[in-house]
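Okay, structure first, notes after.
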Amino acid sequence: MQRKTETRRAFLAKSILASGGVILSSQLVACEKLDDFLSDDGPSDGVPRFLHGVGSFDPIADAVIIWTRFTPTADEVGKSIKINWQMATDKDFHHVVKEGMQYASSANDFTIVQDVTGLQANGKFYYRFIQSDLKETSPVGETITLPVAGASVDSLKVATCSCSNFPTGLFNVYDAIANSDADVVLHLGDYIYEYQIGGYGTNENTERLNREHDPANEILTLEDYRLRYRQYRTDEGLQLAHQKKPFIVVWDDHEITNDAYKDGAENHDASEGDYQARLQRAIQVHSEYLPVRTDTQGVIYRNFEFGNLANLVMLDTRIIGRDRQLSFGGYFNVDGSFDFAGFSTALNDPSRRLMGQEQLDWSAGAIGGSNAKWQVLGQQVLIGKMTVPAELLILIGQVAGGDTSPETLGALQSAIVELSTLKGRALAGDPTLTQEELARLAAEVPYNLDAWDGYAVEREQLFSLLKGKNTVVFAGDTHNAWHNILKDNDGNKIGEEFACPSVTSPGFEGIFGKNPNTIAGIQQAFTLLIDGLKYFDASQRGYVLTEFTHSGATASYRFVDTIASSAYTETEGSSITVAC
């Protein structure tokens, strides 16, 4: 698929972004013809004012939130700008069903967030924004309303994505989603990244594609966060996805800072000020650019009913209830041995929380009160039980930490081969396995303590709410594609997990390199060593398109072949169907 080359609008958006998101007088002279995206008459001053596109969010049966940003000139920054909006049932706006007006100002970074209510259920709508004084009209957005709860619905298609790091490459995945037949888009977090220029994800694409982070520093202030969102919204693939599809979003850590939890974060220290103040600034800007339908700012758990077919429950497994992550480093003895007993005690502490009791109680009501065919959970982190032999995880950690010496890589490769062979023999019931060999397999630890594996007791509590229901859990965060069979501690099947690859952020190839044999070996080892893991892609960028029906659910893992060029090809890596 070929994305169009950079338009004048995108070029100007980047130019204005470099001016702090306002239009300078020198840029007025540069704008001559912009009729590829303006209204017929064109703006009175020749400057496009909806440079960041449009979007819609959180559709329900009778309402949907629509969004845009007005780009001010320098002398408009202190003013309130009147913006009209319209909602119609046709793209030419002959049949306008709702319209109104808001003011854009510096108080909300000139964003417009409008909840359009009183709409017909299960409808298709078109919307736009107008600044009449300047004779400027935004691009036309497309959106939907949901069927009423309990109504007969035959099919639902959901595109699931996460982890889009601007410096790493083009957002071709969003472009592919825009051109898919998905009804809605679930974005499971890491919509932006907080790092400075030269930080995480910088590669050979960054400078060539002019995608260095803006501002140059790690984002801390209100204006820092706003400028970073504005930069991300200049990507044409992302703009198109927002224009064509309604989004339902949750945040993960990088909308705030890396490995965040309710009281702090790995990537925050005292020199960067008060963490809670930083968190509130990040949440404010998130609400300006990615609005959610809740009554309380900072609360993002909510549910959406797609008739009698699916109850979509969106969770916050990152901020509102999360205790600090455990660290393996705290359980090594002075002699270098690992304190498995102490670690197990901490891991299984019943007081440790990921969601928090209030959210868990709410989830019990949202899930228990639903008669839909499918219970669908959208949340941030892997929920499948992902334990691997400790010796393998230690070697992976060494490589991830930068030790790529031939000795360490050779030891890792040997461990992969040996442990995979031992697991294959164990699964075949080989009676000749020695106690030492069995002990190597039995000494397992969680692959990722930031995920649900680090909060095992509360996972069982959530699983108890889903027992006996048709359940699919979506996850993001890891940058890789996974399919897990979910079982509780008693061996009862709870459901399926479909975890999406990233939009651009590097997966395992960012650790181990791009040698296909190395990646294939890791994929094969993980799927063999982790009992519930049925599919794993460790190196491709993409999304998951899942169709729900009354007979089953089919998840299609879709990948783009490049993020280095706007010309890309979309392929299917795997298609997995589960019956009700």
Members of the range 428-466 found to be basic (K, R) and over 17 Å from N484 (Cβ atoms), listed by number:
R440
If we take the range 422-525, then strands (runs of 3 or more DSSP E) inside it with 3 or more residues that are in contact with a helix residue (DSSP H, G or I) (Cβ under 8 Å, 6 or more places away or on another chain) are 444-446
With the checklist (1) in contact with a Gly (Cβ under 6 Å, 6 or more places away or on another chain); (2) open to solvent by 10 Å² or more (accessible area, probe 1.4 Å); (3) not aromatic (F, W, Y) in hand, flag the one item P506 doesn't pass.
(1)
Tell me whether the range 79-87 contains one or more residues that are over 17 Å from V285 (Cβ atoms) and among the basic types (K, R).
yes
Selected residue (criterion: most open to solvent (accessible area, probe 1.4 Å)) from residues of the range 106-120 that are within 15 Å of D58 (Cβ to Cβ) and not in a strand (DSSP E or B)
T117
Run K4 past the list (1) closer than 17 Å to E136 by Cα; (2) at pLDDT below 55; (3) among the basic types (K, R) and report the number of the one that doesn't hold.
(1)
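Restricting attention to helices (runs of 4 or more DSSP H) lying wholly within the range 193-277, give those where 2 or more residues are without any contact (Cβ under 8 Å) to a residue 40 or more places away in the chain.
Once the helices (runs of 4 or more DSSP H) in the range 193-277 are filtered for at least 2 residues that are without any contact (Cβ under 8 Å) to a residue 40 or more places away in the chain, what remains is 204-208, 222-232.
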Among the residues of the range 341-362, the number that are open to solvent by 80 Å² or more (accessible area, probe 1.4 Å) and hydroxyl-bearing (S, T, Y) is 1
Name every residue in the range 527-560 that is surrounded by fewer than 22 Cβ atoms within 10 Å (Cβ to Cβ), under 23 Å from P506 (Cβ atoms), out of contact with any helix residue (DSSP H, G or I) (no Cβ under 9 Å at 6 or more places or on another chain) and not hydroxyl-bearing (S, T, Y), in order of residue number.
I530
Only residues in the range 475-486 that are under 15 Å from D450 (Cβ atoms) count as the first member; pair them with residues that are among the polar types (S, T, N, Q), Cβ under 7 angstrom, at least 6 apart or cross-chain, and list the lot.
A475/Q379; A475/Q380; G476/S162; G476/Q380; D477/S162; D477/Q380; H479/S502; H479/S505
Does Q461 fit the bill of being without any contact (Cβ under 8 Å) to a residue 40 or more places away in the chain, farther than 13 Å from Q379 by Cβ, surrounded by fewer than 24 Cβ atoms within 10 Å (Cβ to Cβ) and not acidic (D, E)?
no
Members of the range 242-260 that are closer than 15 Å to V381 by Cα and either buried (at least 21 other Cβ atoms within 10 Å of the Cβ) or in contact with a Pro (Cβ under 6 Å, 6 or more places away or on another chain) (or both)
V249, V250, W251, D252, D253, H254, E255, A260
With respect to the numbered conditions (1) in contact with an Asp or Glu (Cβ under 6 Å, 6 or more places away or on another chain); (2) surrounded by fewer than 24 Cβ atoms within 10 Å (Cβ to Cβ); (3) part of a loop (DSSP other than H, G, I, E, B), which one is the sole condition not fulfilled by C163?
(2)
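The values are calculated or read from the model by the stated rules, or taken from the named source; none is laboratory data. Note that the structure is a prediction, hence the values are computed from the model and not measured. Please note: Cβ atoms are built from the backbone with ideal geometry, for glycine as well, and neighbour counts cover all protein chains shown. Ligands, DNA and RNA are excluded from the accessible area calculation, which covers all protein heavy atoms including side chains. Shrake-Rupley method; radii C 1.70, N 1.55, O 1.52, S 1.80 Å.
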